[in-house]
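Working notes, structure below.
Since every read-out is calculated from the coordinates, none of them should be taken as a lab result. Here the structure is a predicted model, which means the values were calculated and not measured. Because the Cβ atoms are built from the backbone with ideal geometry, glycine has one as well, and the counts that use them run over all protein chains shown.
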Amino acid sequence: MENCNEIYLKNLELLNSAHDFLNEKFFENALSKIVITIQADMKQRALGWFTPYEAWSGAGDTTSPEINISANYLDRPPHEIISTMLHEMCHQYAYQHDIQDCSRNNTYHNKRFKEIAERHGLEVTKSVKGGYNVTALTAEAREIVEPIVSLLNLKRVVPTKLGKKTSSTRKYMCPECEMTVRATKEVNIKCGDCDEVMSEV
């Protein structure tokens, strides 16, 4: 059985191949090689994101922004993952051409983003808070990406839903008067009024 590290590295390899494929088919290889990551979005709002700055540094003086595909949603259909990658690559295109495609602290996708996305295989819908941020592959783009979609067998290594933090407190009750107290660890405690040993409930 593969361990999480092996799965993660295979996922990265597949996503890098997808970026190369989409770069050729939709951007005429005009986009730079970029660092691709898979990270969980703790608020579970984003399917992916692009960092509009040089987030990574490598050998020599090389630097790179980042495209992240959210680990929370790796179990989506491959066409949707490709759509997310293409969406983030449109941000990369804007970044490389000094086009401000987002405003409001990089959360509102403006008309410049819409124009870029529609030129590069995406249908664009406007939302109330995010602007022109809802994208999907056009029918033509879906046909173009079939070769890479058939290879995109990503495996999820974290749950889609992040669990709620469990409480570390315990509740104790007096069997006589039913007074309750809470403790952060297991304790032996008596009710001061009834002199009864309180039990955990």
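Assorted remarks:
- Rounded to the nearest 20 debye, the dipole size of the chain about its Cα centre is 520 debye, using +1 on the Cβ of Lys and Arg and -1 on the Cβ of Asp and Glu.
- Above-threshold pairs, the threshold being 25 Å between Cα atoms, out of 33/126; 33/129; 43/129; 43/185; 43/126; 25/114: 33/126; 33/129; 43/185
- From most to least packed by mean Cβ count within 10 Å, the peptides 139-145, 117-123, 72-78 give 117-123, 72-78, 139-145.
- Each residue of the range 22-27 was assigned a 3J(HN,Hα) from its phi angle through the Karplus curve 6.51 cos²θ - 1.76 cosθ + 1.60 (θ = phi - 60°); the sequence is 5, 4, 5, 6, 10, 10 Hz, with glycine and proline shown as x.
- Stokes-Einstein D (µm²/s) once Rh is taken as the Kirkwood radius of the range 58-101 over alpha-carbon pairs, at 37 °C in 0.692 mPa s: 269 µm²/s
- Order of 134, 128 under a 10 Å beta carbon neighbour criterion, fewest first: 128, 134
- Applying the Karplus relation 6.51 cos²θ - 1.76 cosθ + 1.60 with θ = phi - 60° to the range 182-198 yields 3J(HN,Hα) values of 10, 9, 8, 8, 5, 9, 9, 9, 10, 6, x, 7, 9, 6, 9, 6, 7 Hz, where x marks Gly and Pro.
- For peptides 20-32, 89-101, sequence by mean Cβ density within 10 Å, most packed first: 89-101, 20-32
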